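S.K.: Mind looking over this structure? Questions follow.
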Amino acid sequence: MNRFRPIDRKTDYLLPPSLDDWLPEDHLACFILEAIERLDLSALTRAYGGRGSTAYHPEVLSLLYGYASGTFSSRKIEHATYDSLAFRYLASGSHPDHDTLASFRRRFLDELAGIFH
């Protein structure tokens, strides 16, 4: 008699899962997202000229959760969007590369500093 729960990694979901269901409501990432959604990011969004490829929204690149959780490296944040449900949740399932994250941080350093006051 088998005493273990069955493992099935091959069955596809009938409907796509909701990332909201993967984190508890009191998770730090949920708090950070709520805080980000209340911020006025219009100065950041206006700074994009619409040239080149489609940009990530500043909300995804805000790096606030990385700072709050002690992950400061752009490379580590990039990897975390694959490995961590919380980072994946905040990045909305996208995976900005470390160059994009570092460029965003350099470009908007003054604006990001103002967020922490």
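S.K.: Could you tell me how many degrees, from 0 to 90 and to the nearest 10, lie between the Cα long axis of helix 28-38 and the main elongation axis, the longest principal axis, of the Cα atoms of the chain?
M.R.: Around 40 degrees separate the two axes.
S.K.: Taking the stretch 1-100, which trypsin sites (Lys or Arg not before Pro) meet the DSSP loop condition and have no more than 10 other C-beta atoms within 10 Å?
M.R.: ARG3, ARG9, LYS10, ARG51
S.K.: Using each residue's phi in the stretch 9-25, evaluate 6.51 cos²θ - 1.76 cosθ + 1.60 at θ = phi - 60° and report the 3J(HN,Hα) Karplus result to the nearest Hz, with x for Gly and Pro.
M.R.: Running phi through 6.51 cos²θ - 1.76 cosθ + 1.60 with θ = phi - 60° gives 9, 9, 6, 6, 6, 5, 10, x, x, 9, 4, 4, 7, 8, 10, x, 4 Hz.
S.K.: Separate question: Kindly put LEU19, LEU109, LEU44 in sequence by how many other C-beta atoms sit within 10 Å of each C-beta, fewest to most.
M.R.: Least to most surrounded, the residues fall as LEU109, LEU19, LEU44.
S.K.: In which sequence would ILE7, ILE36, ILE77 go, from the one with the fewest C-beta neighbours within 10 Å to the one with the most?
M.R.: Final ranking by Cβ density, sparse to dense: ILE7, ILE36, ILE77.
S.K.: Given Cβ point charges of +1 (Lys, Arg) and -1 (Asp, Glu) and nothing else, what value in debye, to the nearest 20, does the dipole of the stretch 1-51 about its Cα centre take?
M.R.: 360
S.K.: Which residue, chosen from HIS79, LEU39, GLY114, occupies the Cα position most advanced towards the positive end of the dipole of the chain, where the dipole is computed from +1 (Lys, Arg) and -1 (Asp, Glu) charges on Cβ about the Cα centre?
M.R.: Most positive-ward Cα: HIS79.
S.K.: Note down the magnitude of the dipole of the stretch 1-111 about its Cα centre, charges +1 on Lys and Arg C-beta and -1 on Asp and Glu C-beta and zero elsewhere, to the nearest 20 debye.
M.R.: 440
S.K.: For n ≥ 4 DSSP H runs only, could you compute -39500 (n - 2.57) per run for the chain, divide by its residues and tell me the 222 nm figure to the nearest 500?
M.R.: Result for the chain, helices only: -12500 deg cm²/dmol.
Bear in mind that the values in this text are calculations on the coordinates, not laboratory data. On a predicted model such as this, the values are computed, not experimentally measured, just so you know. Note that each Cβ is placed from the backbone with ideal geometry, even for glycine, and that neighbours are counted across all protein chains shown.
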